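Working notes, beginning with the structure itself.
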Amino acid sequence: MSGCKNHFPFRLQPLPYPLDGLEPYLDRLTVTIHHDRHQRGYQEALNRLLAKSPEKQCLSLEQLICQADQTPEGQELAFQAGGLWCHEFYFDCMTRAGASLAQPSGCLAQRIERDFGGFQRFQKDFTDAAIKLKGSGWVWLVSGPTGALSILQTPLQQTPLVHGLYPILVVDVWEHAYYLKYQNRRDLYLQNWWQLADWEFALQNYQLCVNGTALQ
Ligand code: MN3
């Protein structure tokens, strides 16, 4: 998984495609600002916080997220670490239009059929969850420890890891993810986002999960 072996100082993970690689569904300017400014903002803020906490500099991004305490400082650290983790995962969940399968395959397709009653039904439920999410946050396809799939909304920069769930696919529904191109039309962003979803990456994530090697 992206970022999971990282320790302080964290670096900005390069995009797995060119800045205009998601055109026409996500434009170059949106992707540039999202990655080079927003994602970088979390990375730099996290490093600034950790520079003042030498005892935390050996922790992985996942450990920083899951072990954060409830103090204001702990919550600030969890926010910045979560922001970096969520963005690395989000950009990995997309690929050039046509570069991946149009829908899931293998054991992931079978489990989506079983747990959601089919891919189209899943797509509708996931899109509805993303349209209805209030404020800023994320919508995830997640797996539980036994491989059962569900859809999860998380606020701000919260990850499924803190719920003991394993992420398979995510969409960013903070306005900065789409507003330059789609303004208030989150529904259009989502409709087009499906053209970019990387189902091969999602299948790899699910296989790690059902093989029992995820969340270790
Ligand atoms: Mn974002």
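The values are calculated or read from the model by the stated rules, or taken from the named source; none is laboratory data. From a predicted model like this one, the values you see are computed outputs, not experimental measurements. Quick reminder, even Gly has a Cβ in these numbers, built from the backbone with ideal geometry, and neighbours come from all protein chains shown. These area figures cover heavy atoms from the full protein model, side chains too; ligands, DNA and RNA do not enter into them. Shrake-Rupley method; radii C 1.70, N 1.55, O 1.52, S 1.80 Å.
For the stretch 135-203, rounded, prolate or oblate, judged on the Cα gyration tensor with a ≥ b ≥ c (square roots of eigenvalues), a/c < 1.5 rounded, else prolate if a/b > b/c?
oblate
With springs connecting C-alpha atoms under 10 Å apart, model the chain as a Gaussian network and identify which of Val171, Val162, Val139 has the largest mean-square fluctuation.
Maximum fluctuation in the GNM of the chain, among the listed residues, is at Val162.
Can you list which of the trypsin sites (Lys or Arg not before Pro) found in the stretch 41-94 are DSSP loop residues with at most 15 other C-beta atoms within 10 Å?
Answer in residue order: Lys52.
Kindly express, to the nearest 10 degrees and within the range 0 to 90, the angle between helix 72-92's C-alpha long axis and the longest C-alpha principal axis of the chain.
40 degrees
I'd like the Kirkwood hydrodynamic radius of the chain, using the inverse of the mean 1/r over distinct C-alpha pairs, in Å.
Final number for the Kirkwood radius of the chain is 17.6 Å.
Extending each Cα 7 Å along its Cβ direction at Asp20 and Thr146, get the distance between those two points in nm, one decimal.
5.0 nm
Can you compute the FRET efficiency between Asn184 and Thr71 using 1/(1 + (r/R0)^6), with r the Cβ-Cβ distance and R0 = 45 Å? Round to the nearest 0.05.
0.80
How many nm separate the modelled label positions at Arg11 and Ala99, each set 7 Å beyond the Cα in the direction of the Cβ?
Between Arg11 and Ala99, the label points sit 2.0 nm apart.
Need one word for the stretch 65-166: rounded, prolate or oblate. Basis is the Cα gyration tensor (sqrt eigenvalues a ≥ b ≥ c); a/c below 1.5 gives rounded, then a/b vs b/c decides.
prolate
How many Å² of accessible area per residue for the stretch 34-165, probe 1.4 Å?
Solvent-accessible surface per residue comes out at 47 Å².
Between the stretch 170-216 and the stretch 1-72, what is the separation of their alpha carbon centroids in Å?
17 Å
Describe numerically, in nm with one decimal, the distance between label points set 7 Å from Cα along Cα→Cβ at Arg121 and at Glu55.
Result: 5.1 nm between the two label points.
Under 18 Å Cα-Cα from Lys132, which aspartates and glutamates qualify once same-chain neighbours fewer than 8 residues away are excluded?
The reachable aspartates and glutamates, counting only those whose Cα sits under 18 Å from Lys132, are Asp172, Glu175, Asp187.
Carbon-plus-sulfur fraction of the accessible area of the stretch 1-117, 1.4 Å probe, in percent?
51 percent
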